[in-house]
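Everything below concerns the one structure shown next.
The values are calculated or read from the model by the stated rules, or taken from the named source; none is laboratory data. This one's a predicted model, so the numbers in the text were calculated from it and none came from an experiment. Note that each Cβ is placed from the backbone with ideal geometry, even for glycine, and that neighbours are counted across all protein chains shown.
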Amino acid sequence: MKGAVSATLPERRIFIHTDRGARYLRISTAAQALLVVAGLVLGGWLVAATADFAVDRIAADGDGEPGAALSAAYQARLDALIAERDAKAVEAVAAQKRFQMAMDQIAQQQTAILGAIEGQRELEGALEASRARLRETIEARDMAVAEKERLAEGVSPADLIATLQKVTGKLSEVVVDRDAVAAERATLSSELASAELEIRLANRRQDEMIDELRSAVASSSDALENALSEVGLDVDSTLAATRMAYSGQGGPLVPIGVSSRSVPGEDPTASRFDELMVDVDRVNLLRIALGKVPYAMPVKDPHRFTSGFGYRRDPKGGGRRMHSGVDFAAPQGTPIYAAADGVVESAGRESGYGLAVRIRHEFGFETLYAHQNRMLVKPGQRVSRGDHIGDMGRTGRVTGVHLHYEVHLNGRPVNPMTYVEAARDVF
């Protein structure tokens, strides 16, 4: 599955050249995949909303069974939320395309700016050469005038006339050369002014695009931070732990020096790019952290929500008992997916749960997928969010085919729908 995602959405690197050097903006496969599957995971909030509705109805009806009116209302609500989820998915794909277009435009602007800078330097070099030629011409003229004055002393009129004619001819040539150099200098000055104007306009357009990108990154960062805060996770400590696990650096040791392409003074555009890269790095860390929290739904195919988290009447007649997870009913063999990145802690038969898979995630989370018909993972195996880990069945203590799904935080069961609801505006 990872190979298919990498082939469909290869990692992209946009190189950004400035006067201070070159750097690149990395758009990882995971970041692109998260944007593409955003619409799919939006279905999570559908289950959260219907779970709250079902729990309220169960609390109101006591131990009785829901009636036909409750089933009809639930089905209508389910259809409306599915339609809304599809619309959100379309919007997420469109947002990803707009972000990619903006990054491509910045790369083109950088190429145009570097070309303009090279042209400016060539014009400056040509202008300096013209100035040197003009200085040489003026020096030659001065030498000719001095020679004329020297020869005028103690020479015959015929020699003087001949010398004056030679000097006059030489001066004429010098004047022509001077005028040609002056005209060339004026042309080069005009071209240099045009190049400087083009660079200023390109920098202005680039600044506007950077502002748009920073605004988009800030909006994405706020949504991701809210998803972590709503489930009780401290954003700063979570990011610190994630950064520690993704802190690799390296590269050849290069002596300190000054690039031949650098210019004196600080480049404000490069500084703004540095700030943008810091913001993008924070968003990447947030997405990595969210990938390790069980925000995703374990069932993507059509299904029914048959039981919520909390106390309920035992379906096997065991009285009122605590239900530590949620139940999803669908046909036997329906695929079950990992809700977050993690490592398979166990995969086998458990009392009451039948064939069950437990996955250990970071930040103290653990998920349980019970009553499976077939398990596709082994203990110690590392899985990613969305990996196919098994198929729905009816093993263990059940009344029919369904998935019993639990989320544990630091050893205590919590309501799984809390996490799906917190991430509905992010994925």
Next item on the list: Within segment 354-407, track down each residue that is within 26 Å of ALA33 (Cβ to Cβ), at pLDDT below 95 and among the aliphatic types (A, V, I, L, M).
Entry: none
Check: Which of the following residues is among the charged types (D, E, K, R) and either modelled with pLDDT under 95 or under 39 Å from the mean Cα position of the chain (by Cα) (or both): ARG313, ARG349?
Finding: ARG313
Next item on the list: Answer with yes or no whether ALA356 is outside any strand (DSSP E or B), of a type in the set (A, V, I, L, M) and closer than 30 Å to ALA245 by Cα.
Entry: no
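When you scan segment 402-422, how many residues do you find that are in contact with a Gly (Cβ under 6 Å, 6 or more places away or on another chain) and buried (at least 17 other Cβ atoms within 10 Å of the Cβ)? Walk me through how you get there before you give the answer.
If we filter segment 402-422 for residues that are in contact with a Gly (Cβ under 6 Å, 6 or more places away or on another chain), which is where we start, we get 404-406, 409-410, 420.
Those left that are additionally buried (at least 17 other Cβ atoms within 10 Å of the Cβ): 404-406, 409, 420.
Of the residues in that region, 5 qualify.
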Notebook entry, point to check: What number of residues within segment 181-192 are loosely packed, with under 12 Cβ neighbours inside 10 Å and either closer than 29 Å to GLN108 by Cβ or at pLDDT below 80 (or both)?
Noted result: 1
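Yes/no per residue for (1) out of contact with any Ser or Thr (no Cβ under 9 Å at 6 or more places or on another chain); (2) surrounded by fewer than 23 Cβ atoms within 10 Å (Cβ to Cβ); (3) more than 21 Å from ALA422 (Cα to Cα):
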site: GLY291; (1), (2), (3): no, yes, no
site: ARG313; (1), (2), (3): yes, yes, yes
site: ALA338; (1), (2), (3): no, no, no
site: VAL357; (1), (2), (3): no, no, yes
site: PHE363; (1), (2), (3): no, yes, no
site: LEU376; (1), (2), (3): yes, yes, yes
site: GLY380; (1), (2), (3): yes, yes, yes
Next item on the list: Please determine, by comparing only the residues of segment 293-310 that are over 20 Å from GLY232 (Cα atoms) and of a type in the set (Ser, Thr, Tyr), which one is surrounded by the most Cβ atoms within 10 Å (Cβ to Cβ).
Entry: SER307
Checklist line | Condition broken by HIS408, with the remaining ones in (1) farther than 27 Å from ASP234 by Cα; (2) part of a strand (DSSP E or B) satisfied | finding: (1)
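Give the residue, chosen from THR399, THR395, that is more than 26 Å from the chain's Cα centre (by Cα) and in contact (Cβ under 8 Å) with a residue 60 or more places away in the chain.
THR399
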Notebook entry, point to check: Does at least one position in segment 218-237 carry a residue that is of a type in the set (A, V, I, L, M, F, W, C), in a helix (DSSP H, G or I), farther than 17 Å from LYS292 by Cα and modelled with pLDDT under 75?
Noted result: yes
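Residues checked against (1) touching a helix residue (DSSP H, G or I) at 6+ places or on another chain (Cβ under 7 Å); (2) at pLDDT 80 or above:
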site	(1), (2)
LEU46	yes, no
ALA76	no, yes
ARG85	yes, no
GLU91	no, yes
GLN100	no, no
GLU118	no, yes
ALA126	yes, yes
SER130	yes, yes
ALA152	yes, no
Check: Taking the condition of a type in the set (Asp, Glu) and closer than 27 Å to ARG85 by Cβ, does ASP301 pass?
Finding: yes
Checklist line | Of the criteria (1) of a type in the set (A, V, I, L, M); (2) under 30 Å from MET209 (Cα atoms); (3) at pLDDT 80 or above; (4) more than 17 Å from the chain's Cα centre (by Cα), which one ALA72 fails | finding: (2)
Margin query: Looking at (1) at pLDDT 75 or above; (2) of a type in the set (Val, Ile, Thr); (3) out of contact with any helix residue (DSSP H, G or I) (no Cβ under 8 Å at 6 or more places or on another chain); (4) over 29 Å from ALA83 (Cβ atoms), which one does ILE256 not meet, given that it meets all the others?
Written below: (1)
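Out of ARG200, ARG214, ARG204, report the one residue that is basic (Lys, Arg) and either over 27 Å from the mean Cα position of the chain (by Cα) or modelled with pLDDT of 85 or more (or both).
ARG200
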Next item on the list: Only residues in segment 198-219 that are over 19 Å from ILE113 (Cα atoms) count as the first member; pair them with residues that are among the basic types (Lys, Arg) and assigned to a helix (DSSP H, G or I), Cβ under 9 angstrom, at least 6 apart or cross-chain, and list the lot.
Entry: ARG214/ARG272; ALA216/ARG98; VAL217/ARG282
